[in-house]
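The values are calculated or read from the model by the stated rules, or taken from the named source; none is laboratory data. Predicted model only: the values in this text are computed from it and were never measured. Don't worry about glycine lacking a Cβ; one is built from the backbone with ideal geometry, like all the others, and counts go over all protein chains shown. Areas reflect the complete protein model, heavy atoms only, side chains present, ligands, DNA and RNA absent. Shrake-Rupley method; radii C 1.70, N 1.55, O 1.52, S 1.80 Å.
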Amino acid sequence: LPNATESLKWSQPAFSDETTILLIYAGFKKHIGFYITPSAFEKFKDQCSEYKTGAGSIQFPLDKPLPTELLTKIVEYRLWERKEKDVKWM
């Protein structure tokens, strides 16, 4: 996430640009929570079918490798939608 700053939002680590949150993540006992805008989640929901999900969240279990290729695609899309469509955090 070039030019993003890391800070806490709602007591969880987040990456933000100058005006909006790009994504939030958090560690839990059995999973890593990954939080994005609902529009970004909608774009990748079919690729997230093996994970527990919500409207803008994905839970990656700690007992399985992180899907780094999928995460990269989601982050790249989130950067694109922020820059090209000005989609801000909901």
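Among the conditions (1) in a loop (DSSP other than H, G, I, E, B); (2) at pLDDT 95 or above; (3) of a type outside the set (Phe, Trp, Tyr), GLU69 misses just one, which is (1). Scanning the range 47-90 for residues that are of a type in the set (S, T, N, Q) and open to solvent by 40 Å² or more (accessible area, probe 1.4 Å) yields GLN47, SER49, THR53, GLN59, THR68, THR72. Listed by first and then second residue, the pairs with beta-carbon distance under 7 Å, at least 6 apart or on different chains, first residue in the range 70-88 and over 16 Å from GLN59 (Cα atoms), second part of a helix (DSSP H, G or I) and of a type outside the set (A, V, I, L, M, F, W, C), are TYR77/LYS43; GLU81/SER39; VAL87/SER39; VAL87/GLU81.
Residues of the range 11-29 being under 20 Å from LEU79 (Cα atoms), in a loop (DSSP other than H, G, I, E, B) and open to solvent by 20 Å² or more (accessible area, probe 1.4 Å), which ones? Steps first, answer last, please.
Step one: of the range 11-29, the residues under 20 Å from LEU79 (Cα atoms) are 12-26.
The next check asks that each one be in a loop (DSSP other than H, G, I, E, B); those that pass are 17-20.
Correct list: ASP17, GLU18, THR19.
Of everything in the range 30-42 that is surrounded by fewer than 16 Cβ atoms within 10 Å (Cβ to Cβ) and in contact (Cβ under 8 Å) with a residue 12 or more places away in the chain, the residue that is nearest to ARG78 (Cα to Cα) is SER39.
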